[in-house]
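Below is one structure, written out as structure tokens, with a few remarks after it.
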Amino acid sequence: MLDIRRLRLLHELRIRGTVTGVAAALSYSPSSVSQQLAALEQEAGAVLLVKSGRRLQFTPQGELLAQRAAAILDALDSAQAAVAGSSATAAGVVRVAVFQSAAHAILPAAVAALARDYPELRVEVTEREPEQGLFDVSARDFDLAVAEQYPGSTRPLRADLDRTVLAADGIHLATSDIRTARVRASSSRRPPTSRGCWSRRGRCRAPGPSSSAALPASSRMCASRRPTW
């Protein structure tokens, strides 16, 4: 029978890409991770990984088993959630990844409401940039992430996560020339990468008299792992 702990290591390797990354995430030594993966190959009776330079590459059998390992881990999470949900009182720990401005604007009221309605539920909040937070939820390091999405963004939507839109923020461009604003508003599908210009308050100012042009709204979202039941 396949060991569930070794299956998790295989799943983590598929997500994180390197043995070193898996070891750091799970507080193992790299040599221990390699030994456990070798033991899993013996249990499976198939070659799961082959060396490609300094990295490990999945064989077709390894990729198949890693996909099944993800489904097994999801099923275990669902079983644990079902048992916890059968209790009359919600209790435990919810791990939340959130970017800085949302931590100030959204979480205080939400945590206060949870403390009032579910006093035995503890919320652990860690600041993460949206991209990293979404990855960490996929990797089961957090239970949910509060992230943001700009119009025209190329950030991929993760198929294993559920997304709920919390709010939409209008974005305005301020400039000394309304004609320039119109050109920029019509030609720009997403905000510049400069954080100094495009802030969560949604305003960018230039010297001199200003005019403004409305751009598509950005949205704040909450992402959590998709249940499998």
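Among residues that are in contact (Cβ under 8 Å) with a residue 12 or more places away in the chain, surrounded by 11 or more Cβ atoms within 10 Å (Cβ to Cβ) and either charged (D, E, K, R) or closer than 30 Å to Glu124 by Cβ (or both), Ser101 is included. Annotation note: Cβ proximity below 6 Å between a residue of segment 9-23 that is exposed (fewer than 15 other Cβ atoms within 10 Å of the Cβ) and a residue that is at pLDDT 90 or above (sequence gap 6+ or interchain) occurs for Thr20/Pro30.
Scanning segment 116-141 for residues that are open to solvent by 60 Å² or more (accessible area, probe 1.4 Å) and not β-branched (Val, Ile, Thr) turns up Arg116, Asp117, Tyr118, Pro119, Glu120, Arg122, Glu124, Glu127, Arg128, Glu129, Glu131, Gln132.
Only residues that are more than 12 Å from Arg6 (Cβ to Cβ) and either modelled with pLDDT of 90 or more or open to solvent by less than 70 Å² (accessible area, probe 1.4 Å) (or both) were counted in segment 54-72, giving 13. Asp77 meets each of the listed conditions (1) acidic (Asp, Glu); (2) within 21 Å of Ala159 (Cα to Cα); (3) open to solvent by 80 Å² or more (accessible area, probe 1.4 Å) apart from (3). What number of residues in segment 1-25 are assigned to a helix (DSSP H, G or I) and either more than 11 Å from Ala139 (Cα to Cα) or not aliphatic (A, V, I, L, M) (or both)? Residues that pass the stated criteria total 16. I'd like the full set of residues that are part of a helix (DSSP H, G or I) and either surrounded by 11 or more Cβ atoms within 10 Å (Cβ to Cβ) or touching a residue at least 12 places away in the same chain (Cβ under 8 Å) (or both), limited to segment 80-91. Gln80, Ala81, Ala82, Ala84 - these are the residues of segment 80-91 that are part of a helix (DSSP H, G or I) and either surrounded by 11 or more Cβ atoms within 10 Å (Cβ to Cβ) or touching a residue at least 12 places away in the same chain (Cβ under 8 Å) (or both). If you go through segment 120-156 and keep only what is over 12 Å from the mean Cα position of the chain (by Cα), within 20 Å of Ala81 (Cβ to Cβ) and not acidic (Asp, Glu), you end up with Leu121, Arg122, Val123.
For segment 26-35, enumerate the residues that are surrounded by fewer than 19 Cβ atoms within 10 Å (Cβ to Cβ) and in a helix (DSSP H, G or I). Result: Leu26, Pro30, Ser31, Ser32, Ser34, Gln35.
The values are calculated or read from the model by the stated rules, or taken from the named source; none is laboratory data. From a predicted model like this one, the values you see are computed outputs, not experimental measurements. Please note: Cβ atoms are built from the backbone with ideal geometry, for glycine as well, and neighbour counts cover all protein chains shown. Accessible surface is based on the protein model in full, side chains and every heavy atom, while ligands, DNA and RNA are left aside. Shrake-Rupley method; radii C 1.70, N 1.55, O 1.52, S 1.80 Å.
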